[in-house]
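Visitor: I am attaching a structure below and will ask some questions about it afterwards.
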Amino acid sequence: MINLPDVQSTRPDVAITLNRVGVTDVKKLVEIARKGKRPIVLISTFDIFVDLPSNIKGANLSRNFEAMNEVLEDAITSPAYIIEDLCGEIAKRLLDRHEYATKSEVRMRSEYVLKKKTKITKHQCQEVVNIFASAQLERGKKTKKTIGAEVIGMTACPCAQEMMRDLAIDELKKIGVEDEKIEKFVTTVPMATHNQRGRGIISIEVPEEYYLSLDDIIAIIEGSVSSPIYEFLKRADEQDLVYTAHKNPKFVEDCVREMAKKVVEKFDYLPDETIVTIKQINEESIHRHNAFAERVATLADLRREINNNFNGKMILTCD
């Protein structure tokens with residue numbers, strides 16, 4: 001048997017510690033079993049890292065693939081796996097193989113296909129949602145896991161809508177419509193405004209002994225925009241979607257605040273130190289720029305603000 005040189009274990013020319021060494025954009029087919037439901041098959045992309053001490057030239061990257069392949073094979077035959085636990089198990093096995101490492105990190109990104117029915121005609125369509133998970137592990141400590149989703153929805157601008165409402169009132173008065181009828185009309189029929197395609201993102205750091213449903217996170221994002229959107233719409237569905245969105249106008253800031261409120265309500269069982277990251281990115285239709293809002297906080301901070309100060313009806317203005 002030929003003894004091949006192990007160049008990775010030699011001393012580097014410049015002896016400094018590296019925070020992350022590994023592989024990125026590794027694509028794998030992952031089957032996630034779920035209790036009482038059909039399995040989910042995901043085409044997933046992984047980033048896998050360990051730290052590297054100053055006295056070792058290079059990490060043995062084949063060990064990363066060995067750890068990942070073992071876990072994925074086990075997941076196919078195990079009774080249940082959730083994606084953040086999948087990342088956590090890979091992170092543990094990385095440290096088993098990389099004896100020189102003190103930390104490991106695994107990131108996973110997938111496209112999750114949801115089957116939905118349109119509101120009015122009940123036509124079935126498929127919607128693609130970006131989901132992600134990660135795990136960070138340091139020897140002797142608990143695994144830090146994160147799970148989240150990015151969902152596309154529609155928003156309608158409240159500011160422009162109020163200006164169009166004032167214009168409609170003025171025009172109706174000019175043609176002699178009574179004030180009572182004007183008020184009934186403008187409160188029944190939502191006024192025109194400009195729209196945005198918005199991307200809502202929620203990321204939650206999951207304590208090791210807790211479980212979060214991705215479907216719950218997705219529902220929170222969809223319920224925090226002016227209206228969810230659909231890949232396929234008949235005319236009746238389109239009319240209802242536009243009406244719903246314009247009856248529920250939201251700024252980018254409103255979306256983040258609404259998501260924060262719903263996260264606090266839905267995940268009331270999570271501990272106070274749980275870290276939540278919430279973002280909304282709206283692609284403006286009348287500007288070249290995008291609108292952005294974000295909140296990063298512990299659940300304790302969100303609970304305190306929402307319970308004591310935030311009533312969900314803050315008045316915002318725009319120029």
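The values are calculated or read from the model by the stated rules, or taken from the named source; none is laboratory data. None of the values given here were measured: they were computed from a predicted structure. Cβ placement follows ideal geometry from the backbone for every residue including glycine, while neighbour counts extend to all protein chains displayed.
Visitor: Find the residue count for the range 53-67, including only residues that are touching a Leu at 6+ places or on another chain (Cβ under 8 Å) and either within 17 Å of Cys87 (Cα to Cα) or aromatic (Phe, Trp, Tyr) (or both).
Guide: Initially, the range 53-67 is screened for residues touching a Leu at 6+ places or on another chain (Cβ under 8 Å), giving 58-59, 63-64, 67.
Restricting the remaining residues to those that are either within 17 Å of Cys87 (Cα to Cα) or aromatic (Phe, Trp, Tyr) (or both) gives 63-64, 67.
Looking only at that region, the number is 3.
Visitor: Looking only at helices (runs of 4 or more DSSP H) that fall completely inside the range 131-239, which ones have 1 or more residues that are within 25 Å of the chain's Cα centre (by Cα)? Lay out the reasoning, then the answer.
Guide: On the way: elements: 158-174, 179-188, 214-222.
Result: 158-174, 214-222.
Visitor: Still on this structure: Kindly evaluate Val256 against the criterion of being surrounded by 20 or more Cβ atoms within 10 Å (Cβ to Cβ), at pLDDT 95 or above and not in a loop (DSSP other than H, G, I, E, B).
Guide: On the way: surrounded by 20 or more Cβ atoms within 10 Å (Cβ to Cβ): yes; at pLDDT 95 or above: yes; not in a loop (DSSP other than H, G, I, E, B): yes.
Taking the combined requirement at face value, the residue satisfies it.
Visitor: If we keep just the residues of the range 134-155 that are surrounded by 21 or more Cβ atoms within 10 Å (Cβ to Cβ), touching a Lys or Arg at 6+ places or on another chain (Cβ under 7 Å) and hydrophobic (A, V, I, L, M, F, W, C), which is farthest from Tyr230 (Cα to Cα)?
Guide: So the first thing to find is which residues in the range 134-155 are surrounded by 21 or more Cβ atoms within 10 Å (Cβ to Cβ), and the list is 134-135, 137, 145, 147-149, 151, 153-155.
Add one more test, that the residue is touching a Lys or Arg at 6+ places or on another chain (Cβ under 7 Å), and what stays is 134-135, 137, 154-155.
Restricting the remaining residues to those that are hydrophobic (A, V, I, L, M, F, W, C) gives 135, 137, 154.
Details: Ala135: 32, Leu137: 39, Met154: 10 Å.
So, considering only residues that are surrounded by 21 or more Cβ atoms within 10 Å (Cβ to Cβ), touching a Lys or Arg at 6+ places or on another chain (Cβ under 7 Å) and hydrophobic (A, V, I, L, M, F, W, C), the one farthest from Tyr230 (Cα to Cα) is Leu137.
Visitor: Still on this structure: Among the listed residues Glu99, Glu105, Glu73, Glu89, identify the single one that is among the charged types (D, E, K, R) and closer than 13 Å to Val30 by Cα. Walk me through how you get there before you give the answer.
Guide: Values: Glu99 fails: closer than 13 Å to Val30 by Cα; Glu105 fails: closer than 13 Å to Val30 by Cα; Glu89 fails: closer than 13 Å to Val30 by Cα.
Every option except Glu73 fails the conditions.
Visitor: Continuing with this model, one more query. With the condition kept exactly as written, say whether any residue in the range 64-81 is surrounded by fewer than 19 Cβ atoms within 10 Å (Cβ to Cβ), modelled with pLDDT of 90 or more and outside any strand (DSSP E or B).
Guide: Quick first cut of the range 64-81, residues surrounded by fewer than 19 Cβ atoms within 10 Å (Cβ to Cβ) only: 65-66, 69-70, 73-74, 76-80.
Cutting the leftovers down to modelled with pLDDT of 90 or more gives us none.
There is no residue in the range 64-81 that is surrounded by fewer than 19 Cβ atoms within 10 Å (Cβ to Cβ), modelled with pLDDT of 90 or more and outside any strand (DSSP E or B).
Visitor: Look through Glu208, Glu178, Glu222 and report the one residue that is in the same structural domain as Val296 (by TED's automatic domain parsing), modelled with pLDDT under 95 and surrounded by fewer than 22 Cβ atoms within 10 Å (Cβ to Cβ).
Guide: Details: Glu178 fails: in the same structural domain as Val296 (by TED's automatic domain parsing); Glu222 fails: modelled with pLDDT under 95.
Result: Glu208 is the single residue among Glu208, Glu178, Glu222 that is in the same structural domain as Val296 (by TED's automatic domain parsing), modelled with pLDDT under 95 and surrounded by fewer than 22 Cβ atoms within 10 Å (Cβ to Cβ).
Visitor: Let me spell it out: the conditions are (1) basic (Lys, Arg); (2) surrounded by 13 or more Cβ atoms within 10 Å (Cβ to Cβ); (3) at pLDDT 90 or above, and Lys116 meets all of them except one. Which number is the exception?
Guide: Of everything listed in (1) basic (Lys, Arg); (2) surrounded by 13 or more Cβ atoms within 10 Å (Cβ to Cβ); (3) at pLDDT 90 or above, Lys116 misses just condition (3).
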